[in-house]
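One structure is given below, encoded as structure tokens.
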Amino acid sequence: MALLQPFSKPGRFWRGNLHTHSNQSDGALPTNEVVRAYKNAGYDFLMLSEHFIGHFNFPINDTRAFRGNSFTTLIGVELHAPETSAGELWHIVAAGLPLDFQPPHETETGPQLAMRARAAGAFIAIAHPAWSRYTIEDGRALLASAHAVETYNHGCAIENDLGDGWYLHDQLLNEGAKLTAIATDDAHFKTPDHFGGWVNVKARSLDPDEILQALKAGDFYSSQGPEIYGIALSGKDITITCSPVDTITVVCGNSRTCVKTGKSITSAKLGLVRLETGWLLKNPSPWFRVTVIDQAGKKAWSNAFWWSDVDS
């Protein structure tokens, strides 16, 4: 039984939020109160992702003063530039930017801005695809720069029922893009939009550079509460070990999935449908991902695993 990454890697999981706003842009609370709220809620790290736009004088929130042995911060922003297929601004999360990152020039597009941020060292995520009404063409436009898709945005979920970005993530994976998936709050502290979605990042320490590199490497999973302890393969069988949940499902790039249900599941062995064809399917899925769901309906999600990688 081969344990898959990041579960096979040394270190521990650190809980963090990559999308939150203070009153330096359109959030309700000052920076110190936002940081205090996340520390008190048990988070290990936080990024204040202010709206990097002229309306707010292009803020990059310098949170280095809040770093310590038990809690740290990443520096980043939410990038904006014209324009998507819906005729709106791009929304792009960039974690790990330098404080002197320059505002977009007049003719710089969203994809160009994202590429410049990636070249500056940032981890790039396509923000709230459903809320932004991103099409597959919009997703493709960001593929050269994006590391991840924001597949759960808590603020968009509770305010507009538009928090789910899996539709874009899975379509792009089916076209061969090896993207990861992040869950975030996008908290503004004006509604109950906080502490609803986060990433658990596997790293040896809480050093910001290690957390950033782990994000880029895909060494994390996302959650609303449940924990995934391990995902392992033996032939076509997959074993998932997790906190007590009611449902474990293996999602593929087609309509075939494997599901195990039952009260308080702590582990499950599933015969993974990876090569099944027949009248329903023409081609097998080249990838799979895992979702676990607890009794309250809260979920945890793995990143996608590619057979071309795990079979090698």
Pairs returned, first residue in the stretch 145-156 that is touching a residue at least 60 places away in the same chain (Cβ under 8 Å), second residue that is of a type in the set (Gly, Ala, Ser) and in a helix (DSSP H, G or I), beta-carbon separation under 7 angstrom, 6 or more apart or interchain, are none
Take the residues of the stretch 150-159 that are farther than 22 Å from residue 97 by Cβ and assigned to a helix (DSSP H, G or I): which is farthest from the chain's Cα centre (by Cα)?
-> 159
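Residues to consider are 94, 81; find the one that is assigned by TED's automatic domain parsing to the domain that holds residue 206, more than 15 Å from residue 50 (Cβ to Cβ) and not hydroxyl-bearing (Ser, Thr, Tyr).
The unique qualifying residue is 81.
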From the option list 199, 149, single residue qualifying as buried (at least 17 other Cβ atoms within 10 Å of the Cβ), in contact with a Phe, Trp or Tyr (Cβ under 7 Å, 6 or more places away or on another chain) and closer than 23 Å to residue 287 by Cα is 199
What is the number of the single condition among (1) small (Gly, Ala, Ser); (2) more than 14 Å from the chain's Cα centre (by Cα); (3) over 23 Å from residue 286 (Cα atoms); (4) in the same structural domain as residue 67 (by TED's automatic domain parsing) that residue 177 does not meet?
-> (3)
Failed criterion for residue 82 (all others in (1) within 24 Å of residue 288 (Cβ to Cβ); (2) surrounded by fewer than 24 Cβ atoms within 10 Å (Cβ to Cβ); (3) of a type outside the set (A, V, I, L, M, F, W, C) hold) | (1)
Specify the residue that is surrounded by the most Cβ atoms within 10 Å (Cβ to Cβ); the eligible residues are those in the stretch 61-75 that are farther than 18 Å from residue 29 by Cβ and under 23 Å from the mean Cα position of the chain (by Cα).
-> 74
Restricting the search to the stretch 98-134, which residues are of a type in the set (A, V, I, L, M) and out of contact with any Asp or Glu (no Cβ under 7 Å at 6 or more places or on another chain)?
-> 113, 114, 115, 117, 119, 120, 122, 124
Whichever residue in the stretch 6-52 is of a type in the set (S, T, N, Q) and more than 20 Å from residue 95 (Cβ to Cβ) and, among such residues, is surrounded by the most Cβ atoms within 10 Å (Cβ to Cβ) | 23
Flagged in the stretch 152-183 as of a type in the set (Gly, Ala, Ser) and surrounded by 16 or more Cβ atoms within 10 Å (Cβ to Cβ), in numbering order, are 155, 157, 163, 165, 177, 181, 183
Subset of the stretch 1-49, residues of a type in the set (A, V, I, L, M, F, W, C), under 27 Å from residue 238 (Cβ atoms) and assigned to a loop (DSSP other than H, G, I, E, B), comes to 1, 4, 7
Looking at residue 291, is it closer than 30 Å to residue 71 by Cα, touching a strand residue (DSSP E or B) at 6+ places or on another chain (Cβ under 7 Å) and modelled with pLDDT of 90 or more?
-> yes
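The values are calculated or read from the model by the stated rules, or taken from the named source; none is laboratory data. From a predicted model like this one, the values you see are computed outputs, not experimental measurements. Heads up, the Cβs are rebuilt from the backbone with ideal geometry, glycines too, and the neighbour counts pull from every protein chain shown.
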